[in-house]
1. Output the Kirkwood hydrodynamic radius of region 89-131, Cα pairs only, in Å rounded to one decimal.
2. The chain: longest stretch without exposed chymotrypsin sites (Phe, Trp or Tyr not before Pro) (DSSP loop, at most 13 other Cβ within 10 Å), sites themselves excluded?
3. Sort all Cα-Cα distances of the chain into consecutive 10 angstrom bins from zero, then give the percent of pairs in each bin up to the one containing the longest distance.
4. Quick check: residue separation of SER52 and LYS6 times 0.36 nm, minus the Cα distance between them. What number comes out in nm?
5. So what is the 222 nm mean residue ellipticity for the chain from helices alone, if each DSSP H run of at least 4 adds -39500 (n - 2.57) and you divide by all residues, rounding to the nearest 500 deg cm²/dmol?
6. In the chain, with Lys and Arg counted as +1 and Asp and Glu as -1 at Cβ, which of these residues, SER37, LEU224, PHE94, has the Cα nearest the positive end of the dipole, that is, farthest along it?
7. Return the single residue from ASP43, ASP57, ASP206 with maximal mean-square fluctuation; model: Gaussian network over the chain, springs between Cα atoms under 10 Å.
8. May I ask you to evaluate 6.51 cos²θ - 1.76 cosθ + 1.60, the Karplus curve with θ = phi - 60°, for each residue of region 103-114 and list the ³J(HN,Hα) values in order in whole Hz, giving x for glycine and proline?
Amino acid sequence: NEAITKIIRDGKEFILHSTQNEYRTKKLILNSSIYQSSKLFEDEKIKKYYDSFSFSDQSAFVLYLTLESSEIFLEHYQFIYDELLPNSISNSFFVSFSKKEDKKLSQNGYSITISTHTKAHFWKNLSKEQYKIEKQKTQECITAKFLDYFSTVKKEHIKRAFSATSLTFNRYISRYNCGGKAIGFKNLTQLPSTNTPFKGLYNVGDTVFAGQGWPGVALGVDVLDGQLRE
């Protein structure tokens, strides 16, 4: 629960300054976005290294719902349409339901997360008023499509609904983008990896490995763990 404000390289160690304390370490595993990590460092060589990776404009629009229902649902769904969703770069969205027996997530009803791909800069470039309008438009469209599919679920069964954009992510976790860049022949040799040119500094996370969210983080940690044990 401490935000890291800056990182200083001191010989073979890294000094991490947080909002509450100061820490020293010889091995630093960085889980922040590759595209926004340079701002953490004061060392010019490290800043230059992270600045060499061009920003991935891919982000996500995420809708969170609390649903009051006694029905049994699958844990995951994907909905695919013929046209792009409003303010999205995708014609599909993913739906995840909490388990009914989950005493924490499902104590007030099903906890549902719905996500689709969007552009980070789109939301950054809107005025405050435009932002509210476009956010509501996307949220209402996804909600309507969700209700269309689950015919027994009615609008009044949704007890809570709110959504997040790239601005929301940056506010809470200091990053605008979600996920890394798609791998192709043109950028195969330019992608970040767990290792860096600096001894003791390593990368993990979904901007390093393919797989957004938990899969990307888990895979990155597993690969790095194997490397550090060798």
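The values are calculated or read from the model by the stated rules, or taken from the named source; none is laboratory data. Being a predicted model, the structure only gives us computed values, none of them experimental. FYI the Cβ positions are ideal-geometry reconstructions off the backbone, even for glycines, and counts take in every protein chain you see. Side chains are part of the model used for accessible areas, which takes the heavy atoms of the whole protein and leaves out ligands, DNA and RNA. Shrake-Rupley method; radii C 1.70, N 1.55, O 1.52, S 1.80 Å.
1. 12.9
2. No qualifying site falls inside 82-184, the longest such stretch.
3. 7, 27, 30, 22, 12, 2, 0
4. 14.6 nm
5. -8000 deg cm²/dmol
6. SER37
7. Of ASP43, ASP57, ASP206, the most mobile in the Gaussian network model is ASP43.
8. 5, 8, 6, 9, 5, 10, x, 4, 9, 10, 10, 10
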